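Everything below concerns the one structure shown next.
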Amino acid sequence: MESVNTKEIVKKYGFKFTKSLGQNFLIDSTVLTDIVKGADISKEDFVIEIGPGVGTLTKQLLDSAKAVCAIELDSDLLPILEEELKEYDNFTLVHKDALKVDFNEIINYENSVKLVANLPYYVTTPIISKLLISGYVFKSLTIMIQKEVAERIAAKPNCKEYGALSLLVQYYCDTEIIRKVSPASFIPQPKVESIVIKLDRLIEPRVKVKDEKLFFTIVRDSFNMRRKTLWNALKQLKLSKENLEYAFSESGIDPKRRGETLSIEEFGKLADVVYGIVNK
Ligand code: SAM
């Protein structure tokens, strides 16, 4: 492992880690390089980084991108970042909770926006959901997350990792695993393995559905009761028995199947038939 000077910066400023903020800082320079390379950052790109820590990844991003805006919640890190990154005039810092940020206020008129982050693990899923569902104009999200969550995101039907999160992400994005990262690449070391994954936003969602909200309700209901058949899981839709029978026969889906066997296209078909029934 080739190390970066994270430990020295932490020591120099006497920074104290806050576990509840998911603070595991990268010390492995090969990971930093692979993230920036994997994210495909060029001087055309405006990069938003969530959780810059002491700025080790930020520095590499600043060298490759047109500009970087970093969002950090921990006020103790602000003076460190301002000092460590003072020679960069393409850097801005926002002191906020990333879950509460309106990214449109940061994006302004930029037309090539990429998000890069070694995410605090306690907010992984809510952040990904927010970034995808809110329709921000990100070209891609290159994020380091727990290995187990990355596997759920990239999962295909008929495996135990496949679920509502796989469908949410794959509805909006292509996914590409960039690399694995071991706990030894961080201080302090997390308990779990990590993965850098790139989510490339599709121009149009992967399936065209009549009602996105209904599509995601059906997906959620199908996985809420994972071990149940679709017939039992989708009773939650409160359709009459005849209508539910019609929904399955019309979409060509066997009601004895389980949600984890359905492709995104099949969920789309089922959702559109149900839409037709409820809007008759
Ligand atoms: N980017 C640095 C690195 O790779 O070494 C630090 C990554 S560390 C896993 C996560 C960072 O996110 C920390 O700096 C933490 O303070 C910050 N953070 C935690 N919760 C946050 C939130 N809700 N909004 C913005 N930043 C947050």
For LYS37, counting only lysines whose alpha-carbon sits under 17 Å away and dropping same-chain residues fewer than eight positions off, the answer is LYS59, LYS66, LYS114, LYS139, LYS180, LYS198
Skip the ligands, DNA and RNA, and give the accessible area per residue of the chain with a 1.4 Å probe, whole Å².
49 Å²
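Express the carbon and sulfur contribution to the solvent-accessible surface of the range 6-201 as a percent, rounded to the nearest whole number, probe 1.4 angstrom.
Looking at the range 6-201 in its full context, I get 51 percent from C and S.
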Ordered by residue, what ³J(HN,Hα) values in Hz, to whole numbers, does the range 92-105 give under the Karplus form 6.51 cos²θ - 1.76 cosθ + 1.60, where θ = phi - 60° and Gly and Pro are x?
10, 10, 10, 8, 7, 7, 4, 6, 10, 7, 8, 4, 4, 5
What would the Debye equation give as log₁₀ I(q)/I(0) for the chain at q = 0.08 Å⁻¹, counting only Cα atoms as equal point scatterers?
-0.39
Relative to the longest principal axis of the C-alpha atoms of the chain, give the angle of the C-alpha long axis of helix 212-224, reported between 0 and 90° and rounded to the nearest 10°.
90 degrees
In nm, the gap between the two label points placed 7 Å beyond Cα toward Cβ at SER112 and LYS7 is 3.8 nm
Using the per-residue mean of other Cβ atoms lying within 10 Å as a proxy for protection, in what order, highest first, do the peptides 12-21, 208-217, 183-192, 148-157 fall?
148-157, 208-217, 183-192, 12-21
Quick one: compute a quarter of the convex hull surface over the Cα atoms of the range 64-118 and quote it in nm².
4.3 nm²
Of 4-10, 136-142, ordering from highest average Cβ density within 10 Å down gives 136-142, 4-10
Order of 80-89, 268-277 by packing, highest average Cβ count within 10 Å first?
268-277, 80-89
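Quick one: grab the alpha carbon gyration tensor of the range 1-148, order the square roots of its eigenvalues as a ≥ b ≥ c, and give me rounded if a/c is under 1.5, else prolate or oblate depending on whether a/b is larger than b/c. Before the final figure, lay out the partial values.
Working: a/c = 1.39, a/b = 1.25, b/c = 1.11.
It comes out rounded by the Cα gyration axes.
Using the Cα centre as the reference, give the magnitude of the dipole from point charges on the C-beta atoms of the range 6-201 (Lys, Arg: +1; Asp, Glu: -1; all else neutral), rounded to the nearest 20 debye. Can you show the working numbers first?
On the way: 24 positive and 27 negative charges, 125 e Å.
Dipole about the Cα centre, nearest 20: 600 debye.
The values are calculated or read from the model by the stated rules, or taken from the named source; none is laboratory data. Worth saying up front: this structure is predicted, and the values here are computed from it rather than measured. Ideal geometry is used to build each Cβ from the backbone, glycine not excepted, and the neighbour counts take in all protein chains shown. Just so you know, the surface numbers come from the protein's heavy atoms only, side chains and all, with ligands and any DNA or RNA stripped out. Shrake-Rupley method; radii C 1.70, N 1.55, O 1.52, S 1.80 Å.
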